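Visitor: What follows is a structure written as structure tokens; I'll ask about it next.
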Amino acid sequence: MRHLWMRSAALLLLVLAGLTAGCTPANTAQRIKITIHYSHFHPSALTVPRGVPITFVLVNEDPIDHEWLIGDAAFHERHRQGTEARHDGRPNEVSLPPLASSETTLTFTTPGQLLYICHFPGHEAYGMVGTLTVT
């Protein structure tokens, strides 16, 4: 009888281990570091799950100002024509002074692609663009 109980307990443990292996809560917050170096974003392509809070840690390693603006094509077109010198108070618009860091948290609810761009004169044309895919 004891042998049967031990086999049953071992089987139960294996089943439970299989159910929980590699599982993390679907809404676990994530942190992603984006470094700005030589007027480029590193990484320049990211994938994040929808519905999960993502904290972006933005690090400007350059000795000049940059910005990190994330949104769809219409959002970026408005900013290409805009006149805002600084972006503060909106989590998807961050101004970064030289050699500074900032954090912002966003939760994306719709699958698709967004771009993050620095719209300072010449920066986008130079390649200061990144792609965020929401799955």
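The values are calculated or read from the model by the stated rules, or taken from the named source; none is laboratory data. Just so we're clear, the structure is a prediction, and the values are computed from it rather than from any experiment. With ideal geometry, Cβ positions are generated from the backbone for all residues, glycine too; neighbour counts draw on all protein chains shown. Heavy atoms of the whole protein, side chains included, go into the accessibility calculation; ligands, DNA and RNA do not. Shrake-Rupley method; radii C 1.70, N 1.55, O 1.52, S 1.80 Å.
Visitor: At 0.36 nm per residue, and after removing the present C-alpha to C-alpha distance, how many nm does the segment from residue 124 to residue 28 gain when stretched out fully?
Guide: Extending this stretch completely gives an extra 31.3 nm.
Visitor: Something else now. Once both labels are modelled 7 Å past Cα along the beta-carbon direction, what's the residue 92-residue 133 spacing in nm?
Guide: Label-label distance for residue 92 and residue 133, simple model: 2.0 nm.
Visitor: Label residue 55 and residue 39 with points 7 Å out from Cα along Cα→Cβ: what is the distance between them in nm?
Guide: The answer from the label model is 3.2 nm.
Visitor: So what is the accessible area of the stretch 34-124 per residue, in Å², with the probe set to 1.4 Å?
Guide: Ligands and nucleic acids excluded, the figure is 51 Å² per residue.
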